[in-house]
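Q: Following this message is one structure expressed as structure tokens.
Nothing in this text is a laboratory measurement; each read-out follows from the coordinates by a stated rule. None of these values were measured; they are calculated from a predicted model. Here the Cβ is made from the backbone with ideal geometry for all residues, glycine too, and neighbour counts use every protein chain on show.
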Amino acid sequence: MTRLAAPATRREIPPGFADPVFDAQSIFRHVLTAMSEPGTIIHIGGELDPPSPLGHASAALALTLMDFETPIWLDGPVAAAASDWVRFHCGAPLTQTESEATFAIMSEAPNCLPLTRFNRGTDEYPEHGATLIIQVVAIEAEGTLSLTGPGIDGSRSIDVIGMPQDFWEQRAQTNSLFPRGVDLILTAAEVAVAIPRTTFVEPM
Amino acid sequence: MNEQTIPASGTPASGKTGYNFAYLDEQTKRMIRRTILKAVSIPGYQVPFGSREMPLPYGWGTGGIQVTASVIGPDDTLKVIDQGADDTTNAVSIRRFFARTAGVATTDETGEATVIQTRHRIPEEPLKHGQILVYQVPIPEPLRWLEPRESETRKMHALQEYGVMYVRLYEDISKYGHISTAYDYPVIVNSRYLMRPSPIPKFDNPKMDNNPALQLFGAGREKRIYAVPPYTSVKSLDFKDYPFEIQKWEEDCALCGAENSFLDEIIIDDQGGRMFVCSDSDYCQKRREAGYRGKDPSAPRGNELLDDAAESA
Ligand SMILES: [Zn+2]
């Protein structure tokens, strides 16, 4: 019976990518599109079955971008359910200190506030600014937010449901010292949208 | 659930060739991919990365190759150009490298490519939304000749202190009556970062501005990646009284008659005969296929002559 103990523990961790090389490449290209064309909605992570509340798209991003070089901060609910999954599949160190994290995953948007807790990089090394993966209720093309900036031909509008009242104002303040800032990837189930620090977001 | 369905993270694809897919191991690709995303989110800023040894010498575009290798997938169609031509030794080697290590389709046609790796030109045919242009960069730092210390140039970028570059260009004007820089002409990206566009002719600079394609720059020896997202402002440095100007030619392309294309001067015989032809071989070919003719349409293309010369040297 003791022989079953080790496999049983592993069996509790749902699988990662079926094909790590090609899944990661394909998802990266979607993320690259998302980051270089802010507000573009991408579909990722459909094949995965991560431990709730870690969402499909968030999990796919973790598998694609995170490893032993990237300390990760998880909010309470994600940490409780998915710490083992993230450690096992990404080999990434988890940190309790927000400012040390290269990536952070939040089960819901209110948990990311205040944004100033995260690393915004420096004027000399702005790339140290963190990438925050924030799970929201829903993301829709066309809506109440108007996006402008690099990667956007004119303006693009989206709707994000599940954001705290003053989120966009806090984000603008947090990123007011460009090139310092945090980059956001918002996810909802299998969709995601990126909002890098260069994007101006205006609630309409 | 069967335990064997849990793949170990980062398992390399052992293709039929025994290489990792696109040569690089998964951890390296992940690191470069993270670097590319930060480069995109800070347009024009050079992000340091852990450049890997590649099976080609520096100067063969190892930075561009690492970027392409981290981006490319089995559904991509790759075009590689060197000085505008698809058929030079360098371009052929890189194309073959990716055909072998990634099994991707390759093309000479700008419009067919999803990823274009380039050394020293931007294609004449306008790039499209969804395409990725990867530049091979020898020296990424625009301020390097003015300030050799990395710690100082980093500060200058941080403070947006680019006065020395304007002074350098203005010295040109007082010496020659115009700005003599014809290649690698400095630009400002998104009204913020001074950027070196790699040694493209300044003729190509206006194509970078507000381009619908994503532009990625890889410098292997200097370990830097930078980017210009689509629809991003890229302005060539100039002065009110000396506005930026691109190269112009008295002649049209001798083969296809193009009036607005970047021309190479080609020596066609040992009597000193010469002619001007499009540097972009695919563009020239497409025009000739469409029936356009220059004044000497039957002459061989310059690159064929140059390659012959290189092989006999
Ligand atoms: Zn021509």
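Q: Please work out the FRET efficiency for the pair residue A:95 and residue A:202, using the Cβ-Cβ distance as r and a Förster radius of 45 Å; give the result to the nearest 0.05. Write down the numbers at each step before the final one.
A: Numbers: r = 33 Å, r/R0 = 0.74.
Result of the calculation: an efficiency of 0.85.
Q: Taking every pair of alpha-carbon atoms in the protein assembly as shown, what share in percent sits in each 20 Å bin, from 0 to the bin with the longest distance?
A: 22, 52, 23, 4, 0
Q: Sticking with this structure for a sec: Using only the alpha-carbon atoms of region A:36-123 as identical scatterers, what base-10 log of I(q)/I(0) does the Debye formula give at q = 0.14, 0.18 Å⁻¹?
A: For the requested q values the scattering log ratios are -0.50, -0.82.
Q: If you don't mind, another one. Straight-line reach from residue B:240: which lysines have Cα under 19 Å away, leaving out those fewer than 8 places along the same chain?
A: The qualifying lysines are B:175, B:202.
Q: Work out the length of the dipole vector of region A:55-177 about its Cα centre, built from +1 on the beta-carbon of each Lys and Arg and -1 on the beta-carbon of each Asp and Glu, and round it to the nearest 20 debye. Present the calculation step by step, with values, prior to reporting the outcome.
A: Values: 5 positive and 16 negative charges, 28 e Å.
Using Cβ point charges on Lys, Arg, Asp and Glu, region A:55-177 gives about 140 debye.
Q: Sticking with this one: Arrange A:156, B:30, A:117 by Cβ neighbour counts within 10 Å, fewest through most, would you? Mind dumping the intermediate values first?
A: Details: A:156 20, B:30 24, A:117 16.
Final ranking by Cβ density, sparse to dense: A:117, A:156, B:30.
Q: Would you tally the net charge around residue B:290, using a Cβ to Cβ cut-off of less than 14 Å, leaving residue B:290 out, and scoring K and R as +1, D and E as -1? Display every interim value, and only then the final one.
A: Details: positive: B:286, B:287, B:288, B:293; negative: B:109, B:124, B:125, B:282, B:289.
Result for the local shell: -1.
Q: Moving to a separate point now. Region B:70-150: which chymotrypsin sites (Phe, Trp or Tyr not before Pro) are DSSP loop and have at most 15 other beta-carbon atoms within 10 angstrom? Kindly include the intermediate steps, with their values, before the conclusion.
A: Working: sites: B:97, B:98, B:135, B:145; in loops: B:145.
Those that pass, being in a loop and sparsely packed, are B:145.
Q: If the only charges are +1 at each Lys and Arg Cβ and -1 at each Asp and Glu Cβ, what is the size of the charge dipole of the protein assembly as shown around the Cα centre, to the nearest 20 debye?
A: Numbers: 48 positive and 69 negative charges, 211 e Å.
Roughly 1020 debye for the protein assembly as shown.
Q: Here's something else I'd like to know. Work out the charge dipole of chain A with +1 on the Cβ of Lys and Arg and -1 on the Cβ of Asp and Glu about the Cα centre, then indicate which of A:150, A:184, A:60 is farthest towards its positive end.
A: A:60
Q: Oh, and also: Taking the Cβ-Cβ separation of residue B:298 and residue B:235 as r and a Förster radius of 35 Å, what is the calculated FRET efficiency to the nearest 0.05? Could you put the intermediate results ahead of the total?
A: Details: r = 42 Å, r/R0 = 1.19.
Here the calculated transfer efficiency is 0.25.
Q: Continuing with this model, one more query. Among bridges DSSP assigns within the protein assembly as shown, what percent are antiparallel (round to 5)? Display every interim value, and only then the final one.
A: Values: 39 of 68 bridges.
Roughly 55 percent of the beta bridges in the protein assembly as shown run antiparallel, per DSSP.
Q: Could I get the Rg over Rh figure for region A:15-57? Both from C-alpha atoms, Rh via Kirkwood, rounded to two places.
A: On the way: Rg = 11.2 Å, Rh = 11.2 Å.
Result for region A:15-57 is an Rg/Rh of 1.00.
Q: Shifting gears a bit: Fully extended, how many nm does the chain gain between residue A:22 and residue A:144 (0.36 nm per residue separation, minus their Cα-Cα distance)? Before the final figure, lay out the partial values.
A: Values: separation 122, 0.36 × 122 = 43.92 nm, distance 3.56 nm.
Full extension of this stretch gives 40.4 nm more.
Q: Helix-only estimate, please: 222 nm mean residue ellipticity of the protein assembly as shown, summing -39500 (n - 2.57) across DSSP H runs of length 4 or more and dividing by its residues, to the nearest 500.
A: Working: 13 runs with 144 residues, N = 517.
The helix-only estimate for the protein assembly as shown comes to -8500 deg cm²/dmol at 222 nm.
Q: Ratio of alpha-carbon Rg to the 2.2 N^0.38 Å globular estimate for region B:81-127, to two decimals, please.
A: Values: Rg = 10.3 Å, N = 47, 2.2 N^0.38 = 9.5 Å.
It is 1.08.
Q: Could you estimate the translational diffusion coefficient of region B:141-241 from the Stokes-Einstein equation, with Rh from the Kirkwood formula over C-alpha pairs, at 20 °C and 1.002 mPa s, in whole µm²/s? Before the final figure, lay out the partial values.
A: Values: Rh = 14.3 Å.
For the chosen part, D equals 149 µm²/s.
Q: What's the exposure ranking of B:295, B:248, B:202, going from fewest to most Cβ atoms within 10 Å?
A: On the way: B:295 13, B:248 9, B:202 20.
Least to most surrounded, the residues fall as B:248, B:295, B:202.
Q: Still on this model: For every other residue with a beta carbon closer than 11 angstrom to the beta carbon of residue A:46, add +1 if it is Lys or Arg and -1 if Asp or Glu, then tell me the sum. Provide the component values of the computation, followed by the final result.
A: Details: positive: none; negative: A:23, A:47, A:49, A:190.
Once positives and negatives cancel, what remains is -4.
Q: How big is the convex hull of the Cα atoms of chain A, per residue, in Å³? Walk me through the intermediate numbers first.
A: Details: hull volume 23.7 nm³, N = 204.
Once divided by residue count, the hull of chain A is 116 Å³.
Q: Restricted to Cα positions, what overall size does region B:47-157 have along the principal axes? Three whole-Å values, descending.
A: Taking the Cα atoms of region B:47-157, the three principal extents are 43, 31, 25 Å.
Q: For chain B, what is the charge dipole size about the Cα centre, in debye to the nearest 20, if Lys and Arg each add +1 at the Cβ and Asp and Glu each add -1 at the Cβ? List each step's numbers first, then the result.
A: On the way: 37 positive and 44 negative charges, 285 e Å.
Value, rounded to 20: 1360 debye.
Q: If you don't mind, there's one more thing I want to ask. Rounded to the nearest 10 degrees, what's the angle between the helix A:56-65 long axis and the longest principal axis of chain A, both from Cα atoms, 0 to 90?
A: 90 degrees
Q: While we're on this one: For A:112, B:256, what's the fewest-to-most ordering of other Cβ within 10 Å of each Cβ? Please report the intermediate quantities before stating the final value.
A: Working: A:112 26, B:256 22.
Ranking A:112, B:256 by Cβ neighbours within 10 Å, fewest first, gives B:256, A:112.
Q: Separate question: Name the residue farthest towards the positive end of the dipole of chain A from the options A:132, A:199, A:38, assuming +1 on Cβ of Lys and Arg, -1 on Cβ of Asp and Glu, about the Cα centre.
A: A:132
Q: Let me ask you something else. Of the listed peptides B:261-269, B:66-74, what is their order by residue-averaged count of other C-beta atoms within 10 Å, with the highest listed first?
A: Working: B:261-269: 17.2, B:66-74: 24.1.
Ranking the peptides B:261-269, B:66-74 by packing returns B:66-74, B:261-269.
Q: I've got another one for you. Rg over Rh of chain B, using C-alpha atoms and the Kirkwood radius, what does it come to? Provide the component values of the computation, followed by the final result.
A: Values: Rg = 20.8 Å, Rh = 20.9 Å.
The Rg/Rh ratio comes out at 1.00.
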